[in-house]
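> Pasting in a structure now, in C-alpha cells, and then I'll have a few things to ask.
FYI, it's all coordinate maths here, none of it is from the lab. Only a predicted model underlies this, so the values are computations on that prediction, with no experimental measurement involved. Glycine gets a Cβ as well: all are built from the backbone with ideal geometry, and neighbour counts include every protein chain shown.
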Amino acid sequence: MIARPAQILQPAGLSISQANVIVKYGEYTYWSYTPSSNDLVLVVVAFDSNNQEVKRWEVPGYRYTIDIGIDNQNKTVVFYMWQKVGVFENGSYPVSFTWEQLKIN
C-alpha cells in the first residue's frame, strides 16, 4: 500500500474515493472509485506503470471507500466502505478481494 499520488487517475464516469492510499501489487496500482452517478457500486481499477487502465472489478451494494487495508495472513486487500445497501447504518463495511482475484495475467 502506498500514499495516493497528487496526480489523480480519473477514468470517465468515476469519482475518486476519499481513501488516501492506493494498493501497489507487482507492477500495477489499484484505485478505488464510486460511479459519478452515485450508484451503489465499489469500482476497483488496476493501472499499469503507464497509467493505462488494464482491468476493473465492480461490487454492487457499496460506495465511498474510506480506507484500504492489507491482510497478509488471509492474503486479501480490504476496502472499507462507508455505505451499504439495506437497513444497515453508515459505517466501515469491509469488502475483500484475494490477492489471486486481483492478479493480472
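> At 222 nm, what helix-only mean residue ellipticity would the chain give, in deg cm²/dmol to the nearest 500, using -39500 (n - 2.57) for each DSSP H run of four or more?
Helix contribution divided over all residues of the chain: -500 deg cm²/dmol.
> Out of region 1-76, which trypsin sites (Lys or Arg not before Pro) are coil in DSSP terms and have no more than 13 other C-beta atoms within 10 Å?
For trypsin sites (Lys or Arg not before Pro) across region 1-76 that sit outside H, G, I, E and B with at most 13 neighbouring Cβ atoms in 10 Å, the list reads LYS75.
> So, in nm, how far is label ALA12 from label GLN73 when the simple model puts each one 7 Å beyond its Cα toward the Cβ?
4.5 nm
> With loop defined by DSSP as not H, G, I, E or B, and exposure as at most 14 other Cβ atoms within 10 Å, which is the longest segment of the chain clear of exposed GluC sites (Glu not before Pro)?
The answer is 28-88.
> Simple spin-label model, 7 Å along Cα-to-Cβ: SER49 to SER37 in nm?
Going by the 7 Å Cα→Cβ label model, 3.7 nm.
> Over the chain, with a Gaussian network built from C-alpha contacts below 10 Å, which listed residue (ASN74, ASN38, ASN20) shows the highest mean-square fluctuation?
Residue with maximal mean-square fluctuation among ASN74, ASN38, ASN20: ASN74.
> Hey, in the GNM for the chain with a 10 angstrom Cα cutoff, which one of GLY26, GLY61, GLY69 fluctuates hardest?
So, out of GLY26, GLY61, GLY69, the one fluctuating most is GLY26.
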